[in-house]
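None of the figures in this text is laboratory data; all of them are computed from the coordinates on show. These numbers were taken from a predicted model, which means no experiment stands behind them. Methodologically, a virtual Cβ is constructed for each residue, glycine included, from the backbone with ideal geometry; neighbour enumeration extends over all protein chains shown.
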Amino acid sequence: MDDETEEHLVNRVVERLAVRYPEAPRTLITEIVGQEYHGLDSGRIRTYVPTLVENGARTRLHRALKDPSPDQ
């Protein structure tokens, strides 16, 4: 998977999560997705990166919105 395609897929993750969590600020969603994406930078197999990013970001958003605290 080339970088452009991967970034496009990750941007679609942001869009899907924005629809799923309309109460979440878009900047928060983008930040969390970016952190998840960059956490997978060193992986050699890139096929599942968008799926892993979405799963990790969805979990973090769910936690952040369920129990908002200052250190989030």
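Looking at (i) 123; (ii) 78; (iii) 133, which value of volume of the Cα convex hull per residue in Å³ comes from a calculation on the structure shown? Recomputing volume of the Cα convex hull per residue in Å³ here picks out (ii). Full extension of the chain between Tyr48 and Lys66 yields a length gain of 3.8 nm, computed as 0.36 nm times the residue separation minus the alpha carbon distance. Arranged from fewest to most other beta-carbon atoms within 10 Å of their beta carbon, Val19, Val14 become Val19, Val14. Spin-label model, His38 to Asn55: label points 7 Å out along the Cα-to-beta-carbon direction sit 2.3 nm apart. Neighbours of Tyr48, meaning other residues whose beta-carbon lies under 13 angstrom from its beta-carbon, give a summed charge of -1 when Lys and Arg score +1 and Asp and Glu score -1. Which whole-number percentage describes the relative contact order of region 3-66, with Cα contacts under 8 Å and a sequence gap of 6 or more? Dividing the mean separation by the residue count of region 3-66 yields 41 percent. Dipole magnitude for the chain: computed about the Cα centre from +1 point charges on Lys and Arg Cβ and -1 point charges on Asp and Glu Cβ, it is near 360 debye. With the charge dipole of the chain set up from +1 on Lys and Arg Cβ and -1 on Asp and Glu Cβ about the Cα centre, the Cα lying farthest toward the positive end among the listed residues Val13, Ala64, Val53 is that of Ala64.
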